[in-house]
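Notes to accompany the following structure.
The values are calculated or read from the model by the stated rules, or taken from the named source; none is laboratory data. On a predicted model such as this, the values are computed, not experimentally measured, just so you know. Don't worry about glycine lacking a Cβ; one is built from the backbone with ideal geometry, like all the others, and counts go over all protein chains shown. What goes into the accessible areas is simple: the full protein's heavy atoms, side chains included, and nothing from ligands, DNA or RNA. Shrake-Rupley method; radii C 1.70, N 1.55, O 1.52, S 1.80 Å.
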Amino acid sequence: MRMKLIERKPIFNDVESFIFEPQEPIQWQPGQYMHYSFPHESEDDRGHERWFTISAAPYENHISITTRFTDKSGSSFKHALKAMKIGDFIEADGPKGSFLIDENANRHVLIAGGIGITPYRAQLLQLDHEDKDLSIELFYANRDENLVFGQELDKLEKKHPNFHITRFIGDRRIVEADLKPFLDDPQTLFYLSGPRPLVENYEHLLKSLGVPEGRIKTDYFPGY
């Protein structure tokens, strides 16, 4: 389907949200992603296709991409995306994916690395919109204090007594001691979102600590 760019929201110097209006009806669940095709001039060997999590909650009634740009190693796709103007179109299909909050679980431990916060924004805001309890621990690892969606998350933490955020900034890492309080409850699920190495690292750690595969959900992005 064609989607029209209707708004751009700079978040930090290197992070921006692109708000799209689908040209036909679409429904999705928070945590799902879209597949994008965006042919452009001077394509590099990474091509014109990408997969981005929908960072908007369904109640917001638009599709959004929130992504980080890197000048040195950024792909031609990212450069073309950054050059989009209001009113431009991009092709997309979906939604797809099963990285969804299982509301039958007692508690959820969300681990985010950097821009991997995007599916959690959609999930948390939708739960809040539906007046549901957020029995959630968010472990948010980032290279600096510039936490994407940090202000929105802070508001949710203040509103929901069972929602807690632990921030891991710079060299501070999520370690076994942080995860240990949540390992024994079979009704606690773990969600991993971020760069592939981070996701694979914590998936391996959780399994080594005895967490079965069925309690771990993963979502990663391939790069810039």
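Data overview
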| item | result |
| --- | --- |
| Residue within the range 69-78 that is under 24 Å from Asp219 (Cβ atoms) and either open to solvent by 40 Å² or more (accessible area, probe 1.4 Å) or of a type in the set (Asp, Glu) (or both) present | yes |
| Subset of the range 20-40 [open to solvent by 80 Å² or more (accessible area, probe 1.4 Å) and under 12 Å from Lys78 (Cα atoms)] | Pro39 |
| Pairs, first within 25 Å of Ala56 (Cβ to Cβ) and assigned to a helix (DSSP H, G or I) in the range 152-173, second of a type outside the set (S, T, N, Q) and open to solvent by 60 Å² or more (accessible area, probe 1.4 Å), C-beta under 7 Å, six or more apart | Glu157/His164 |
| Breaking point among (1) under 13 Å from Ala141 (Cα atoms); (2) in contact (Cβ under 8 Å) with a residue 24 or more places away in the chain; (3) not in a helix (DSSP H, G or I), for Tyr191 | (1) |
| Hey, Ser55 touching a helix residue (DSSP H, G or I) at 6+ places or on another chain (Cβ under 7 Å), over 27 Å from Ile111 (Cβ atoms) and among the polar types (S, T, N, Q) or not | no |
| Residue match in the range 145-156 (condition: within 23 Å of Val211 (Cα to Cα), among the charged types (D, E, K, R), out of contact with any His (no Cβ under 7 Å at 6 or more places or on another chain) and open to solvent by 20 Å² or more (accessible area, probe 1.4 Å)) | no |
| Top-ranked residue of the range 1-23 - restricted to ones that are part of a loop (DSSP other than H, G, I, E, B) and in contact with a Lys or Arg (Cβ under 8 Å, 6 or more places away or on another chain), ranked as modelled with the lowest pLDDT | Asp14 |
| Test: residue in the range 104-127 that is at pLDDT below 95, in contact with a helix residue (DSSP H, G or I) (Cβ under 6 Å, 6 or more places away or on another chain) and open to solvent by less than 60 Å² (accessible area, probe 1.4 Å) | yes |
| Condition met for Leu183 (buried (at least 19 other Cβ atoms within 10 Å of the Cβ), of a type in the set (A, V, I, L, M) and either over 19 Å from Phe12 (Cα atoms) or in contact (Cβ under 8 Å) with a residue 40 or more places away in the chain (or both)) | no |
| Residue match in the range 35-45 (condition: closer than 24 Å to Asp144 by Cα, touching an Asp or Glu at 6+ places or on another chain (Cβ under 8 Å) and at pLDDT below 95) | no |
| The range 197-215 residues that are more than 19 Å from Leu100 (Cβ to Cβ), paired with ones that are of a type in the set (S, T, N, Q) and open to solvent by less than 70 Å² (accessible area, probe 1.4 Å) (beta carbon under 9 Å, 6 or more apart) | Glu200/Thr218 |
| Selection within the range 37-90 - of a type in the set (D, E, K, R) and not in a loop (DSSP other than H, G, I, E, B) | Glu49, Arg50, Glu60, Arg68, Lys78, Lys82 |
